[in-house]
């Protein structure tokens, strides 16, 4: 049985506190997890437990290999199988799921968050996609695991990079986001909600607004994330 690092539990505890303060979640909606690939586990919020009642010891570890709970009497978030599918398919260190207002609105409308300007391109190198609707069989059999597989299918079938576009809208459900760690995943979810609000308003005021040129999108994404990125400060050696 894999050993669960206490540091990983502490990270997930702190990340869930951060998520609760973010304004992205209501009640017990939403969850955030983090993975330790060397240990072969990820840790996630317990199912249905209010954020204020979560402690490091009450976070729940799940095996990356088997998907089984490790050393806990609590159930992991019901979305744990979705997180598992994302961890298995994408190179990421943290995953977050919310039901934030605007991103969920677009998910329920089955509309992507289009890349309509530089604010979007600073974080996402293209549209944040929406998945196809799930089939009856997918919903009635291993629903949460199939949710993750549909997310992976969306990126694979469309040739999208989960590093360059670290978020998705699940049709009729809501947003998932990820990143190199749990706190970056939350940042991506926060930015996604802001962009979804802008997209909602653009669709109202100018539904036929033209797309930006690709070279402008590339410029803003690559100046921050590309191999020759120059946004921000250089790291100094100590």
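Any chance you could count how many residues in segment 166-182 are closer than 19 Å to residue 225 by Cα and out of contact with any strand residue (DSSP E or B) (no Cβ under 7 Å at 6 or more places or on another chain)?
Residues meeting the conditions: 1.
For residue 70, state whether it is more than 17 Å from residue 177 (Cβ to Cβ) and surrounded by 17 or more Cβ atoms within 10 Å (Cβ to Cβ). Break it down stepwise before answering.
Working: more than 17 Å from residue 177 (Cβ to Cβ): yes; surrounded by 17 or more Cβ atoms within 10 Å (Cβ to Cβ): yes.
Yes: the conditions hold for residue 70.
Go over the candidates 192, 204 one by one and state the one that is in a helix (DSSP H, G or I), modelled with pLDDT of 95 or more and exposed (fewer than 12 other Cβ atoms within 10 Å of the Cβ). Don't jump to the end; show me each part of the working.
On the way: 192 fails: exposed (fewer than 12 other Cβ atoms within 10 Å of the Cβ).
None of the other options fit; the residue is 204.
Which condition does residue 153 not pass, out of (1) outside any helix (DSSP H, G or I); (2) closer than 21 Å to residue 90 by Cα; (3) free of Cβ contacts under 8 Å to residues at least 24 places away in the same chain, if it passes all the others?
Evaluating residue 153 over (1) outside any helix (DSSP H, G or I); (2) closer than 21 Å to residue 90 by Cα; (3) free of Cβ contacts under 8 Å to residues at least 24 places away in the same chain leaves (1) as the failure.
Does segment 19-35 include one or more residues that are touching a helix residue (DSSP H, G or I) at 6+ places or on another chain (Cβ under 7 Å), part of a helix (DSSP H, G or I) and more than 27 Å from residue 142 (Cβ to Cβ)?
yes
Each row is one residue, and each column tells you yes or no for (1) at pLDDT 95 or above; (2) more than 18 Å from residue 168 (Cβ to Cβ); (3) within 16 Å of the chain's Cα centre (by Cα).
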{"residue": "21", "(1), (2), (3)": "no, yes, no"}
{"residue": "27", "(1), (2), (3)": "no, yes, no"}
{"residue": "41", "(1), (2), (3)": "yes, yes, no"}
{"residue": "67", "(1), (2), (3)": "no, yes, no"}
{"residue": "75", "(1), (2), (3)": "no, yes, no"}
{"residue": "96", "(1), (2), (3)": "yes, no, yes"}
{"residue": "106", "(1), (2), (3)": "yes, no, yes"}
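Can you report the number of residues in segment 55-72 which are part of a loop (DSSP other than H, G, I, E, B), under 15 Å from residue 7 (Cα atoms) and in contact with a strand residue (DSSP E or B) (Cβ under 8 Å, 6 or more places away or on another chain)?
Initially, segment 55-72 is screened for residues part of a loop (DSSP other than H, G, I, E, B), giving 55, 59, 64-68, 71-72.
Adding the requirement that they be under 15 Å from residue 7 (Cα atoms) leaves 55, 59.
Restricting the remaining residues to those that are in contact with a strand residue (DSSP E or B) (Cβ under 8 Å, 6 or more places away or on another chain) gives 59.
The number of residues fulfilling the criteria is 1.
Among the residues of segment 25-37, are any surrounded by 18 or more Cβ atoms within 10 Å (Cβ to Cβ), more than 16 Å from residue 9 (Cβ to Cβ), in contact (Cβ under 8 Å) with a residue 60 or more places away in the chain and in contact with a strand residue (DSSP E or B) (Cβ under 8 Å, 6 or more places away or on another chain)? Step through it out loud before you land on a result.
Initial filter on segment 25-37 (surrounded by 18 or more Cβ atoms within 10 Å (Cβ to Cβ)): 25, 30-36.
Still in the running and more than 16 Å from residue 9 (Cβ to Cβ): 25, 30.
Now narrow it down to the ones that are in contact (Cβ under 8 Å) with a residue 60 or more places away in the chain: 25, 30.
Still in the list and also in contact with a strand residue (DSSP E or B) (Cβ under 8 Å, 6 or more places away or on another chain): 30.
There is at least one residue in segment 25-37 that is surrounded by 18 or more Cβ atoms within 10 Å (Cβ to Cβ), more than 16 Å from residue 9 (Cβ to Cβ), in contact (Cβ under 8 Å) with a residue 60 or more places away in the chain and in contact with a strand residue (DSSP E or B) (Cβ under 8 Å, 6 or more places away or on another chain).
Mind checking whether some residue in segment 168-183 is touching a residue at least 24 places away in the same chain (Cβ under 8 Å), surrounded by 14 or more Cβ atoms within 10 Å (Cβ to Cβ) and under 15 Å from residue 115 (Cβ atoms)?
Start the filter on segment 168-183 by keeping residues that are touching a residue at least 24 places away in the same chain (Cβ under 8 Å), which leaves 168-183.
From what is left, the residues that are surrounded by 14 or more Cβ atoms within 10 Å (Cβ to Cβ) are 168-179, 181-183.
Filter once more, keeping what is under 15 Å from residue 115 (Cβ atoms): 168-169.
The answer is yes; a qualifying residue exists.
State which residue is surrounded by the most Cβ atoms within 10 Å (Cβ to Cβ) when the search covers only segment 108-144 and only residues that are part of a helix (DSSP H, G or I) and in contact (Cβ under 8 Å) with a residue 60 or more places away in the chain. Even if it seems obvious, please write down each step before you answer.
So the first thing to find is which residues in segment 108-144 are part of a helix (DSSP H, G or I), and the list is 108, 118-121, 136-140, 143-144.
With in contact (Cβ under 8 Å) with a residue 60 or more places away in the chain added as a condition, the list becomes 108, 118-121, 144.
Details: 108: 14, 118: 13, 119: 14, 120: 25, 121: 23, 144: 16.
My answer is 120.
The values are calculated or read from the model by the stated rules, or taken from the named source; none is laboratory data. Since this is a predicted model, take the numbers as computed values, not measurements. Glycine also receives a Cβ, built like all others from the backbone with ideal geometry; neighbour counts cover every protein chain displayed.
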